1. In the range 108-117, is there at least one residue being of a type in the set (D, E), loosely packed, with under 15 Cβ neighbours inside 10 Å and assigned to a helix (DSSP H, G or I)?
2. Evaluate the range 196-204: report whether one residue or more is closer than 28 Å to S13 by Cβ, assigned to a helix (DSSP H, G or I) and open to solvent by 80 Å² or more (accessible area, probe 1.4 Å).
3. Restricting to the range 9-18, count the residues that are open to solvent by 20 Å² or more (accessible area, probe 1.4 Å) and not in a loop (DSSP other than H, G, I, E, B).
4. Out of all the residues in the range 222-235, is one or more surrounded by 15 or more Cβ atoms within 10 Å (Cβ to Cβ), of a type in the set (D, E) and within 27 Å of V8 (Cβ to Cβ)?
5. Is it true that some residue in the range 81-88 is among the β-branched types (V, I, T), surrounded by 15 or more Cβ atoms within 10 Å (Cβ to Cβ) and in contact with a Gly (Cβ under 9 Å, 6 or more places away or on another chain)?
6. Within the range 126-167, how many residues turn out to be open to solvent by 20 Å² or more (accessible area, probe 1.4 Å), in a helix (DSSP H, G or I) and either in contact (Cβ under 8 Å) with a residue 24 or more places away in the chain or out of contact with any Ser or Thr (no Cβ under 9 Å at 6 or more places or on another chain) (or both)?
7. Within the range 71-93, how many residues turn out to be under 18 Å from the mean Cα position of the chain (by Cα) and over 27 Å from G231 (Cα atoms)?
8. Taking A173 as meeting all but one of (1) under 30 Å from K5 (Cα atoms); (2) in contact with a helix residue (DSSP H, G or I) (Cβ under 7 Å, 6 or more places away or on another chain); (3) part of a helix (DSSP H, G or I), write down the number of the exception.
Amino acid sequence: MLNDKVAVVTGASRGIGRAIAVKLASLGATVIINYNGSVEKAKEVKNEIESCGGKAEVYQCDVSDFEACKTFLDHVIKEYGRLDILVNNAGITKDGLLMRMSEQDFDDVIRINLKGAFNCIRFASRQMMKQRSGRIVTLSSVVGVTGNVGQANYAASKAGVIGLTKATAKELASRHITVNAVAPGFIQTDMTEVLPEKMKEQIASQIPFGTFGDPKDVANAVAFLVSDEAGYITGQVLHVDGGMVM
């Protein structure tokens with residue numbers, strides 16, 4: 001259980017982030033729902049959590065903005081007096097073949113997916129070091145391990161997240177702070193919903209389980225990594241992909 005724990009989940013207004021926020025709240029954590037674009041969707045997550053007896057707060061922040069992240073996490077620490085869990089989930093895709101990819105599309109994906117994770121870890125870790133405890137989980141992707149056609153920017157950002165995770169885990173281990181990554185495969189979200197049906201069938205045929213995953217599958221993995229039971233696990237990448245990467 002996560003009673004009395006304070007958790008920040010970035011990009012928590014929809015999809016995998018929403019599932020993670022709801023799961024952590026169901027285990028007793030007070031969850032800060034970070035969003036950048038849609039306050040309405042973020043409030044829906046808050047209402048869902050509170051309707052089940054959980055505790056949540058909504059906070060807007062563009063995680064790619066270094067100073068905005070400082071303000072955001074300083075607010076959480078001042079408001080609650082502690083920060084126990086950070087889940088870096090915020091991310092975007094801007095797919096395209098490398099030869100046609102614009103500099104802007106490459107920079108935007110790196111800025112949000114990788115630099116955003118750095119920014120949040122940078123300002124959360126100081127409080128966790130004071131507490132001599134904490135859990136940090138960042139969402140990577142199977143694409144960050146295997147690569148994928150048309151996703152050079154996304155693959156680079158998610159591979160970078162793995163390197164960031166391993167380096168940070170080594171830096172923070174002496175203060176009993178664990179730092180891990182979760183690498184989802186193809187999960188049923190808004191991002192995958194727009195794929196043509198024929199492409200979905202082709203992708204599913206390459207997954208040993210034969211189906212896309214559910215956001216709850218990822219949320220359950222994150223919940224384990226932030227729990228007391230995972231206190232001796234750090235610097236690892238947990239694949240939640242139906243067997244795509246073995």
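1. No.
2. yes
3. Total meeting the criteria: 3.
4. no
5. Scanning the range 81-88 turns up at least one residue that is among the β-branched types (V, I, T), surrounded by 15 or more Cβ atoms within 10 Å (Cβ to Cβ) and in contact with a Gly (Cβ under 9 Å, 6 or more places away or on another chain).
6. Matching residues across the range 126-167 total 16.
7. 2
8. (2)
The values are calculated or read from the model by the stated rules, or taken from the named source; none is laboratory data. Not measured: the values here are computed from a predicted model. When we count neighbours, we look across all protein chains shown, and the Cβ atoms used for this are built from the backbone with ideal geometry, even at glycine. Surface areas here come from the heavy atoms of the whole protein model, side chains and all, with no ligands, DNA or RNA. Shrake-Rupley method; radii C 1.70, N 1.55, O 1.52, S 1.80 Å.
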